[in-house]
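Read the structure below first, then the notes.
Derivation of every value follows stated rules applied to the coordinates shown; laboratory data play no part. Keep in mind the model is a prediction, meaning the values are calculated, not measured. Heads up, the Cβs are rebuilt from the backbone with ideal geometry, glycines too, and the neighbour counts pull from every protein chain shown.
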Amino acid sequence: MNHLRRALASVKIARIEQLDDHFVGNSTWRCETFALCMAQLRMTHQINSTSMAPLGGWLALTLALAAGVARADTTTIEPEADTTLFQGFENSNGAGIFLFAGNTNRFGERRALLRFDIAGSVPVGSTITRVRVQLTMDQSIVSTYSFSLHRITAAWNEGTVNAGFPGGGGDQAQNGDATWDARVYNLNPQLAAMWSSPGGDYAATPSATISVGGVGLYTWGSNAAIVANVQGWLDQPATNFGWILVGQNFVGATAKRFVSRENADEAARPSLEIEFTPPGPTCNDIDINNDNSFFDPQDIEALLSIFSEGPCVPTMSTCDGIDFNNDGSLFDPCDISSFLLAFAEGPCTSCGN
């Protein structure tokens, strides 16, 4: 139902009334209100069950628009890369099934790195409103300690080394792995890309901090700092280096084991939940009938006519230009809600409004 969670704030009911006025006495639609026309559309075109589902979303969004309800989209993604840094060793475990963070009794500190593909998961121009990072901690022999996510400030590689089970010590790094000293390791030291500071380059102020105790699922966020991280990575993808998980700086053992993205237990893998408000369409997007009159009732008619044929596929020429929320999915309920959001603001007067 994520497609129905669209921001529909500050609506002008007069826009719906304008649609109602247009459809009254219309010889083509033969109905008295916009909503009734949509209901008629379902009946007269005998839309199949696959097509009716998004049309039902269309109607729900119309009613939400009339009520002035504000909604947002949510997406949940797994990391595109994760690994562990092992203090005092040229070791890595980028392809391993676990991540480690915290101090060990005798073998130094561990820090976990995670990076998520934000730009590939959220439409460009969206506003991030809520962020939650979830990790499953599945083994610990120590008490409760604080663990913080910090924004990483330099590029790094996940690598291919798999230290096996349990993997807590890592294994000899290979070319392209991340280690405690190198963000991109190379067996030839002259070719390695080093961290500015051993243990990773990251912002001193944590983005989120929580206490981690017994085995279970733990959530960092949502707060202003972690939301700002994700918004920045969406707006400037080249700066997205992810987060580093750092355990409490404490003498003695604090280390804990977390499930990585390579783990066979899909439900336990790291995840990032992002709630966002997508951008609305511009005038260039919404002259559906190409009459150079931007976003008038005739455009609504053209939109309804296309939608009555069912979901678009890339081979349908009528689908050109109607990916209103620019997510690469042609003419789905998200596009409908983006269209309605723009329509609620009134007629476009110039392109880019």
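Okay, here's what the table says:
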quantity	calculated
Residues LEU187 and THR75, FRET efficiency given R0 of 35 Å [Cβ-Cβ distance, rounded to 0.05]	0.35
Theoretical gain in end-to-end length, SER197 to ALA264 [0.36 nm per residue, Cα-Cα removed]	20.8 nm
Label-point separation in nm, ALA224 to ARG106, each point 7 Å along Cα→Cβ	4.7
Computed lengthening from THR160 to LEU217, 0.36 nm per intervening residue step minus Cα-Cα distance	17.9 nm
Debye, to nearest 20: dipole size of the range 75-277, +1 on Lys, Arg Cβ, -1 on Asp, Glu Cβ	480
Binned Cα-Cα distances of the range 179-229, short to long, each 10 Å bin given as a whole percent	21, 28, 31, 18, 2
12 Å beta-carbon shell around GLY221, net charge (K/R +1, D/E -1)	0
With eigenvalues of the C-alpha gyration tensor scaled by 5 and rooted, the range 75-277, Å	25, 20, 15
Length released on extending from ALA119 to SER143, taking residue separation times 0.36 nm less the Cα-Cα span	4.9 nm
Order of PHE147, PHE241 under a 10 Å beta carbon neighbour criterion, fewest first	PHE241, PHE147
Prolate/oblate/rounded call for the range 117-214, Cα gyration tensor, a/c under 1.5 rounded	oblate
